[in-house]
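Heads up, the thing below is written out as structure tokens.
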Amino acid sequence: MARKKEKTFSIEKQQARWGFLFTVPCLIFFAVFSFYPIIYAFVTSLTDRQAIARTSKFIGLDNYIYIFTKDNGGFPLSNSIRATLVFTFGTFIPMIVISLIVAVFLMQLRKDKQRGFLQLMYYTPAVLSSVVAAAIWMIIFDPRGLMNQISNFVMRTSGVDYGWLVDSTMLQISTMLIYFWKYIGYFVILFITGLAAIPTTIYEAATVDGSSRWHTFWRITLPLLRPTTVMVSIMAMLQCLKTFSTQYMLFQGGSSRAPIDVITMNIYFTGIRNGRLGRASAMSIVLFVIMLFFTYLQLLSNKKSEDVEY
């Protein structure tokens with residue numbers, strides 16, 4: 001018996017070694033294309049490197065002090081952080097709530113053809129590039145476009161230009177609407193996948209016990225959908241924090257930069273347009289820290305809610 005156990009253990013150990021060897025190429029690939037850029041960006045943020053100059057000098061934390069204390073040519077990092085957080089929370093929360101509601105509604109449909117058609121319709125904008133999506137909505141937001149017509153109909157006004165691409169507040173709302181329209185279908189599909197994984201026998205038992213749809217949703221669907229919700233919320237938040245194409249397209253179309261000057265766009269102008277790679281790298285590290293903080297915050301809040309339930 002002892003020999004059999006040793007043999008079994010040795011086989012398992014050999015399988016573990018082979019499994020690790022097969023994962024080594026993936027780990028190396030991930031490290032080269034993920035960890036190395038982060039480390040290199042941090043090292044660059046500690047230098048005065050410029051795009052044109054071939055040499056760079058170590059200056060410590062001077063780049064970080066500069067981006068937090070100077071206006072950076074009229075576009076300070078503090079304004080970019082504000083614009084990024086406003087856009088993120090203005091887009092992220094409605095996207096999660098509405099995508100969940102739409103996913104639940106689609107799962108209630110009995111005909112598979114209707115469900116498949118609506119899923120395809122919701123997901124289609126996600127296939128478009130951000131540049132194309134922004135170009136389409138710039139036509140809609142035109143003073144003579146559809147959004148002004150709808151706004152005039154809802155507000156019972158006539159011929160009023162609500163300045164979707166001009167007014168600071170409306171410009172921020174415009175970027176949120178574009179992003180919401182483009183990505184909501186993607187997260188609807190993710191929620192549908194999570195809902196489909198819930199066993200139907202649980203709902204049948206709840207129906208037999210006399211549970212209402214509202215009670216079933218809050219007491220059964222949401223708790224069982226928590227892993228999917230956490231994953232979708234983290235993905236949506238990170239997607240919003242690193243937004244760039246929508247804001248850049250609207251700015252190129254003539255809109256003001258300050259209200260929509262998110263961190264990624266400030267990084268682009270600082271590093272590419274102005275050639276200050278050290279300062280741009282410092283901004284990218286700040287964005288990386290912000291993304292880590294909010295991801296950790298979501299995971300921590302999810303863990304605490306699980307501890308409270310159990």
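The values are calculated or read from the model by the stated rules, or taken from the named source; none is laboratory data. Since the model is a prediction, treat every value here as computed from it, not as a measurement. No Cβ is skipped: glycine too gets one built from the backbone with ideal geometry, and neighbour counts run over all protein chains shown. What goes into the accessible areas is simple: the full protein's heavy atoms, side chains included, and nothing from ligands, DNA or RNA. Shrake-Rupley method; radii C 1.70, N 1.55, O 1.52, S 1.80 Å.
For the ranges 49-59, 130-140, what's the packing order if you count other beta-carbon atoms within 10 Å of each residue, average per peptide, and put the highest first? Intermediate values should be presented prior to the final figure.
Working: 49-59: 12.1, 130-140: 17.4.
Put in order of decreasing packing, that is 130-140, 49-59.
So which residue, out of V127, V289, V24, gets the largest mean-square fluctuation from a GNM of the chain using Cα contacts under 10 Å as springs?
Checking each option, the largest mean-square fluctuation is seen for V24.
Taking the simple approach of a point 7 Å from Cα along Cα-to-Cβ for both D62 and A197, what is their distance in nm?
5.1
FRET efficiency for K70 and L300, Cβ-Cβ distance as r, R0 = 30 Å, nearest 0.05? Don't skip to the end; give the middle numbers.
Numbers: r = 34 Å, r/R0 = 1.12.
The computed FRET efficiency comes out at 0.35.
Once R0 is set to 30 Å, what does the formula 1/(1 + (r/R0)^6) return for the Cβ-Cβ distance between R219 and K111, expressed as a FRET efficiency to the nearest 0.05? Show your work: numbers first, answer last.
Working: r = 28 Å, r/R0 = 0.92.
After rounding to 0.05, the efficiency reads 0.60.
With labels modelled as points extended 7 Å from the Cα through the Cβ direction, what inter-label distance (nm, one decimal) is found for F29 paired with N152?
5.5
Using helices alone, what [θ] at 222 nm do you get for the chain, with -39,500 (n - 2.57) per DSSP H run of 4 or more residues, divided over all residues and rounded to the nearest 500?
Values: 14 runs with 221 residues, N = 310.
So the helix-based figure for the chain works out to -23500 deg cm²/dmol.
Tell me the carbon and sulfur percent of the accessible area for the chain, rounded to whole percent, probe radius 1.4 Å. Don't skip to the answer; put the middle values down first.
Details: 12990 of 19280 Å².
Whole-percent figure for carbon plus sulfur exposure: 67.
Report the residue, chosen from L27, L77, L292, that carries the largest GNM mean-square fluctuation when the chain is represented by alpha-carbon nodes joined by springs under 10 Å.
Among L27, L77, L292, the largest GNM mean-square fluctuation belongs to L27.
Between T169 and L85, what length comes free when the chain is fully extended (0.36 nm per residue of separation minus the Cα-Cα distance, one decimal in nm)?
In short, 28.8 nm is gained.
Taking the alpha-carbon set of the range 1-119, what are its Rg and Dmax in Å?
26.8, 77
Quick one: work out Rg over Rh on the C-alpha atoms of the chain, Rh as Kirkwood radius.
Working: Rg = 24.9 Å, Rh = 23.3 Å.
My calculation of the ratio gives 1.07.
Taking amide H atoms as placed 1.01 Å from N in the peptide plane, list the residues 5 or more away in sequence, or in a different chain, whose amide H sits under 5 Å from that of T47.
Long-range HN contacts for T47: I59.
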